[in-house]
Amino acid sequence: MLIDSHCHLNYKGLIEDQANVLQRSRAAGVDLMLNIATRESEWDDVLGTAIREPDVWATVGIHPHEADEHPHIDTAKLAERAAHPRVVGIGETGLDYYYDHSDRERQQKSFRSHIVAARDTGLPLIVHTRDAEEDTLAIMRDEMGQGGFTGVIHCFTASGAFADAAMELGFYISISGIVTFKSAKDLQETAARLPLDRLLVETDSPFLAPVPHRGRPCEPAFVADTAKFLANLRGESVEELAAATSANFRALFSKVA
């Protein structure tokens, strides 16, 4: 069985047909799905799906794109919402300097608030980073000095050196359908050498559909295609990779029953 460690079931492209999306995911052998929050206005809906569906779990967080619009979301608000038994992670959070949809200082402040919430609650942190490797690592290292926390670099597309540094801090690396793209040679080289006990798989659906589903809205069922490609890339069986990534997910997201 596979686990989609990062999806957005309440986003346009999936929400309109959510029941069938979930049915197809289960038929594809997806055991669990982690439904990720990115802005306060969707927290209730993301959690509601997790309450309704026993194989769906939720997070609470503010995406870096949304940092400008959420200056009031602090550690206390995140921790309060994270107390719900179906909320198993903090995020997604992090830094995105590619689009710069929010002020960089506000992104950094929000990122640190999420880290403190992860530390205080003991829940793992879901980190988004794009064109911001240096600052992401600097903040993670600085905050780690204030007390330990765990987490995952989701939808990994950064450098191999960044992967090594993140794993040194105890983080997991999650691979999305991007790894199946012909243009993703650098990512494929990194993914091929990642330690199996630090690896997760995800869709980030409805985005980034893997080959052979390019051009369609992505959905959790497609994590099977990513897993098949990744297993072949690494010289492992799909069963071995599925078992390991599922065990890794449960070790990291230990609140999942």
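The values are calculated or read from the model by the stated rules, or taken from the named source; none is laboratory data. In this text, all values refer to a predicted model and were calculated from it rather than measured experimentally. So basically every Cβ, Gly included, is an ideal-geometry build from the backbone, and we count neighbours across all protein chains shown. These area figures cover heavy atoms from the full protein model, side chains too; ligands, DNA and RNA do not enter into them. Shrake-Rupley method; radii C 1.70, N 1.55, O 1.52, S 1.80 Å.
Assorted remarks:
- When residues of region 94-132 are limited to those that are assigned to a loop (DSSP other than H, G, I, E, B) and open to solvent by less than 80 Å² (accessible area, probe 1.4 Å), the one modelled with the lowest pLDDT: ASP100
- Selection within region 140-151 - crowded, with 20+ Cβ neighbours inside 10 Å and among the hydrophobic types (A, V, I, L, M, F, W, C): MET140, PHE149
- On the stretch given as region 8-61, residues that are among the hydrophobic types (A, V, I, L, M, F, W, C) and either on the phi > 0 side of the Ramachandran plot or touching a Phe, Trp or Tyr at 6+ places or on another chain (Cβ under 9 Å) (or both) total 9.
Results for (1) on the phi > 0 side of the Ramachandran plot; (2) at pLDDT 95 or above; (3) not β-branched (Val, Ile, Thr), shown as yes or no for each residue.
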| site | (1), (2), (3) |
| --- | --- |
| ILE153 | no, yes, no |
| ALA163 | no, yes, yes |
| ALA166 | no, yes, yes |
| ALA184 | no, yes, yes |
| LEU208 | yes, yes, yes |
| VAL211 | no, yes, no |
| ALA221 | no, yes, yes |
| PHE253 | no, yes, yes |
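- Lone qualifier among GLY61, GLY89, GLY29 - being touching a residue at least 40 places away in the same chain (Cβ under 8 Å) and surrounded by fewer than 15 Cβ atoms within 10 Å (Cβ to Cβ): GLY29
- Count - residues of region 1-26 that are in a helix (DSSP H, G or I) and either open to solvent by 10 Å² or more (accessible area, probe 1.4 Å) or farther than 25 Å from HIS65 by Cβ (or both): 11
- Subset tally (residues that are within 25 Å of GLU143 (Cβ to Cβ), assigned to a strand (DSSP E or B) and touching a Leu at 6+ places or on another chain (Cβ under 7 Å)) for region 160-213: 4
Residues checked against (1) buried (at least 16 other Cβ atoms within 10 Å of the Cβ); (2) under 24 Å from SER25 (Cβ atoms); (3) among the acidic types (Asp, Glu):
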site	(1), (2), (3)
ILE173	yes, yes, no
ASP204	yes, yes, yes
ALA209	yes, yes, no
VAL223	yes, yes, no
GLU240	no, yes, yes
